[in-house]
1. Which order do the peptides 168-174, 275-281 come out in when sorted by mean C-beta neighbours inside 10 angstrom, highest first?
2. Restricting to DSSP H runs of at least four residues, report the calculated mean residue ellipticity at 222 nm for the chain, -39500 (n - 2.57) per run over all residues, nearest 500 deg cm²/dmol.
3. Please compute the contact order of the chain in relative form: average sequence separation of alpha-carbon pairs under 8 Å and at least six residues apart, divided by the residue count, as a percent.
4. Which residues in region 171-190 place their backbone N less than 17 Å from a point set 7 Å from the Cα of residue 293 along the Cα-to-Cβ direction?
5. Using only Cα atoms, find the angle between the long axis of helix 268-286 and the longest principal axis of the chain, and express it within 0 to 90 degrees, rounded to the nearest 10.
6. What is the dipole size for region 4-157, taken about its Cα centre, with +1 at each Lys and Arg Cβ and -1 at each Asp and Glu Cβ, in debye to the nearest 20?
7. Between (1) 51, 43, 38; (2) 44, 43, 42; (3) 62, 45, 35, which matches Cα extents along the principal axes in Å calculated for the structure shown?
8. Can you tell me the orientation of helix 178-189 relative to the chain, as the angle in degrees between its alpha-carbon axis and the longest Cα principal axis, to the nearest 10?
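Here, each number is a calculation from the coordinates, and none is a lab measurement. No experiment lies behind these values; they were computed from the predicted model shown. Neighbour counts run over all protein chains shown; Cβ positions are idealised from the backbone, glycine included.
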Amino acid sequence: MGQSRTELADGRVFWIAGEHEDFYDPDFFIYNDVIIESLDSELRIFGYPESVFRPTDFHSATAVNDDQSILILGNVGYPDQRDVGRTQIYRLDTRTLAISEVHSTGEQPGWISDHQASLSDDGSSILVRGGKVLSGDGFLENIDDWSLSVAEFRWDRLTKRQWIRFQVARNDGSGLHLWNYDMRKFALEYPRAGLDSEDDLADEIGGEPNMEAYDSLYKPQVHYTPVDPDPEDDADWRTKQITIDGVRVRYTDDMDHLTVTVEGDLPRAVVDSIANDVRDKLSLVENTDCRVKWIEGR
């Protein structure tokens with residue numbers, strides 16, 4: 001997972017780094033290798049010292065300068081190797097296969113990962129958007145667009161979206177049970193699917209699951225319009241969306257908290273109403289007190 005694939009004009013394919021399993025698995029490992037697949041499907045694997053190329057995953061890899069180099073941007077990495085505020089950049093020479101770390105200037109996106117990177121038409125810059133950025137509040141969605149100059153390695157921030165964001169979580173710090181609720185709801189609605197609706201959810205939250213509160217979790221006490229999910233988009237399966245006065249509001253289940261993003265200007269009273277509504281309903285869903293944490297903009 002989190003491995004990049006970059007195909008060059010000469011037919012070679014560069015598979016770079018990535019991870020095996022998730023962090024909780026005993027076999028979890030983040031790689032710092034380069035696998036080169038040739039036209040005849042021959043594979044060559046190159047390993048690097050961590051002092052040259054640290055373990056990297058969920059990065060982007062963009063061929064630049066007529067495929068002479070691949071720029072490797074971003075990383076999740078191991079917790080003790082992350083650096084809030086800095087953006088990791090490596091340059092891979094596709095001729096010698098040497099890797100070197102690149103230091104950049106300008107306003108950087110920060111410790112970004114799982115993003116999209118695309119080379120400009122003239123090849124002079126790389127556009128970076130989406131993904132997540134590590135902050136004091138954990139990994140947050142990257143809501144802005146950034147440009148990296150290929151020649152000077154200078155970052156330019158292209159947008160500065162003043163979106164309101166907040167997180168709703170249990171006071172005790174435990175993870176949420178929204179996935180369990182979703183599975184129970186599916187089992188109740190489609191009994192022929194064979195799923196057990198009498199699972200361990202009641203034991204985990206210490207009371208009978210409140211399906212009514214769960215069903216109304218994304219229905220604030222203000223006029224709104226629901227947004228139907230895109231069946232072709234599997235990336236946002238944890239996100240529910242509505243619009244209020246033309247402004248999109250997204251509820252994202254981040255497992256240990258629910259992140260709400262308001263993509264535009266709404267009266268503060270409306271935003272406070274949404275926050276209080278989510279907190280109160282999530283408290284019923286989790287059978288414990290929940291809190292709201294506002295995320296400061298950059």
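1. Values: 168-174: 15.3, 275-281: 18.4.
Highest mean packing first, the order is 275-281, 168-174.
2. Working: 4 runs with 41 residues, N = 298.
After summing the helix terms and dividing by the residues of the chain, the value is -4000 deg cm²/dmol.
3. Details: 601 pairs, mean separation 35.7, N = 298.
Taking the mean separation of contacting Cα pairs over the length of the chain, I get 12 percent.
4. The answer is 171-177, whose backbone nitrogens lie closer than 17 Å to the label point.
5. Orientation of helix 268-286: about 80 degrees from the principal axis.
6. On the way: 12 positive and 29 negative charges, 79 e Å.
Around 380 debye, computed over region 4-157.
7. Entry (3).
8. Tilt relative to the chain: about 60 degrees.
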